[in-house]
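Contents: one structure, followed by commentary.
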Amino acid sequence: MPTPRSALGTLGPAALTLLLGSWGITREDSMWRDEAATWEAAHRTLPDLAHLLDRIDVVHGAYYLFMHGVFAVLGDGLVALRLPSVLAMAGAAAALAATARRLAGPRAGVAAGVAFALMPSTQHYAQEGRPYALVVAAVAVATLLLVTLVDGRGTPGPTGRRWTAYAAALLVAALLNWFSLLVLAAHAATVLVACRRGAPRLLLTRWLTAAAAVVAGALPIVLASSSQAQQVAWIRPLTWSTALVPLLLLAAGALCAGLLKRHPAARTAAPAPTPVSLGLPLLAFPLTALLLVSLAKPLYLDRYVLYANLGLALLIGTALAALVRSWRPLTALVLAAFAALLPFQLDLRTPQSRVDDVLAPAETVAGTSRPGDGVLFIPSWRRDTAEVSPGSFADLDDLALAESPAASGSLQGTEKSASYIRDAMLRKHRILVVADADDHPGGGRDTVKRRVLVEHFTRCTDTEVRGRRVQGYERGARCTAPPPGS
């Protein structure tokens, strides 16, 4: 039974993660494009959501369904959008702290949990309305359960139930994002090391059974998402600059593992897992596997293997606990790390920390538009601004839209023919354009939109706001009237 001290050692890092995640959670009332996709999908009726997932984003289907329920209970504000991620990261910190404590003692538990909480990537994704924090939490719980199953020390309850819980946690992670299946390779390494150190072979048999159940449960999502592979076609090929951060993380993990191997105080009795046999594979296997795959097909994004940070935090925390043998210097190191990371922490809580903000251009549109004005989105994906802020566009005429995003089973809707768009534009005196900050001309219909604007309209306003542009055009050779409020 957990003692008050052990509970504090587990809940302390969770409370810190919760506090940091709640700090500036609205990011100055901003929402970036990926979160807008969550907001759009979670607001749809269940039939409309099924229609969407049949065409795109089936890999995020479980998360969208979950957020549909969250919005139904908590409303659809920015806090409700991000609160599940904050709570998930706090839960992950608690599970990691409990794992490290079990492997290497109280100081290691606190140090690992706090190291995880202070990581910039933890704070980044704790404040993002996407599934990646929930994946981390599920993997953290599964990893804690695996440790209890491998060492078997003082854990009440039937073993079969814990294996079921282990498989269920990994299946949840896989349904939220099936790249989490890469953690199976890391857990396999931990189990094999334990067997080599004297664990019964039944352990490997039971782990293989649980892993097979997880893969079988996730296989439908894997197969369904393979037909939507065009969604990741935008990921750029791996370069040295892309690979630098994961390589540095691997180097840091290897350094901590080397330090731990030279400190007997950080070791555990056979056949229990050690911080190295658990943490190093958890860090290295997912990162290395995705990097290697990306050499053939570009797929590497840090968020796909964010849970690898659990392994790094475990190694850092146990290494610090082995090197620093009292609480006072450990506390000083934590405070120093917080101070050193403070500039990053402050930056993460600004709209500029993301690619763009879909809410800011809606405010600009509301302040400059007139009832009956036309509006265009270049490219059509920028229609997410209107989807998340429909009130700002209620009196405007979307000149290109043929079928709404919900009706078309998409996130951007379908647009009419280029000739229709051209004729619709020429019937308007004023047109607002919502585009990317780089004002890329686009292709196909977007080329026609730009050509008509250049040939028949004059740009009267051009406002860049948080990664987007809002441009106002008037028909003719010059601007005849200033926008409202100017």
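The values are calculated or read from the model by the stated rules, or taken from the named source; none is laboratory data. In this text the structure is predicted, and so the values were computed from the model without any measurement. Here Cβ is always computed from backbone atoms with ideal geometry, including for glycine, and neighbour counts include all displayed protein chains. Surface areas here come from the heavy atoms of the whole protein model, side chains and all, with no ligands, DNA or RNA. Shrake-Rupley method; radii C 1.70, N 1.55, O 1.52, S 1.80 Å.
Sort out which residues of the range 410-439 are touching a residue at least 60 places away in the same chain (Cβ under 8 Å) and in contact with a strand residue (DSSP E or B) (Cβ under 9 Å, 6 or more places away or on another chain), and write them in order of number. The answer is 410, 430, 432, 434, 436, 437. Among the residues of the range 403-460, those identified as open to solvent by less than 40 Å² (accessible area, probe 1.4 Å), part of a helix (DSSP H, G or I) and within 17 Å of residue 390 (Cα to Cα) are 405, 406.
Among the residues of the range 279-311, those identified as farther than 17 Å from residue 251 by Cβ and among the charged types (D, E, K, R) are 297, 303.
Criterion applied to 388, 375 was being open to solvent by 10 Å² or more (accessible area, probe 1.4 Å), at negative phi and in contact with a Phe, Trp or Tyr (Cβ under 7 Å, 6 or more places away or on another chain), and the one residue passing it is 388. Of the set (1) closer than 30 Å to residue 45 by Cα; (2) more than 38 Å from the chain's Cα centre (by Cα); (3) not aliphatic (A, V, I, L, M), all apply to residue 460 but (1).
Quick one: is residue 115 assigned to a helix (DSSP H, G or I), among the hydrophobic types (A, V, I, L, M, F, W, C) and under 24 Å from residue 350 (Cα atoms)?
Against the criterion (assigned to a helix (DSSP H, G or I), among the hydrophobic types (A, V, I, L, M, F, W, C) and under 24 Å from residue 350 (Cα atoms)), residue 115 qualifies.
Within the range 370-396, being out of contact with any helix residue (DSSP H, G or I) (no Cβ under 8 Å at 6 or more places or on another chain) and farther than 22 Å from residue 41 by Cα holds for 370, 371, 372, 373, 395.
Suppose the filter is at pLDDT 95 or above, buried (at least 19 other Cβ atoms within 10 Å of the Cβ), of a type outside the set (Asp, Glu) and touching an Asp or Glu at 6+ places or on another chain (Cβ under 9 Å); does residue 96 pass it? Spelling it out, it is not the case that residue 96 is at pLDDT 95 or above, buried (at least 19 other Cβ atoms within 10 Å of the Cβ), of a type outside the set (Asp, Glu) and touching an Asp or Glu at 6+ places or on another chain (Cβ under 9 Å). Of the helices (runs of 4 or more DSSP H) entirely within the range 158-235, those holding at least 3 residues that are open to solvent by 30 Å² or more (accessible area, probe 1.4 Å) and free of Cβ contacts under 8 Å to residues at least 60 places away in the same chain occupy 159-176, 201-226. Taking the criterion of being within 24 Å of residue 136 (Cβ to Cβ), crowded, with 17+ Cβ neighbours inside 10 Å, among the small types (Gly, Ala, Ser) and at pLDDT 95 or above, would at least one residue in the range 238-251 satisfy it? No, the range 238-251 contains no residue that is within 24 Å of residue 136 (Cβ to Cβ), crowded, with 17+ Cβ neighbours inside 10 Å, among the small types (Gly, Ala, Ser) and at pLDDT 95 or above. Just a yes or no: is a residue in the range 50-67 among the β-branched types (Val, Ile, Thr), in a loop (DSSP other than H, G, I, E, B) and touching a residue at least 40 places away in the same chain (Cβ under 8 Å)? The answer is yes; a qualifying residue exists. Tell me, yes or no, whether the range 18-32 has at least one residue that is modelled with pLDDT of 95 or more and within 30 Å of residue 153 (Cα to Cα). Checking the range 18-32: at least one residue is modelled with pLDDT of 95 or more and within 30 Å of residue 153 (Cα to Cα).
Assessment of the range 314-324 against the conditions (open to solvent by 40 Å² or more (accessible area, probe 1.4 Å), of a type outside the set (Lys, Arg) and more than 26 Å from the chain's Cα centre (by Cα)) yields at least one matching residue.
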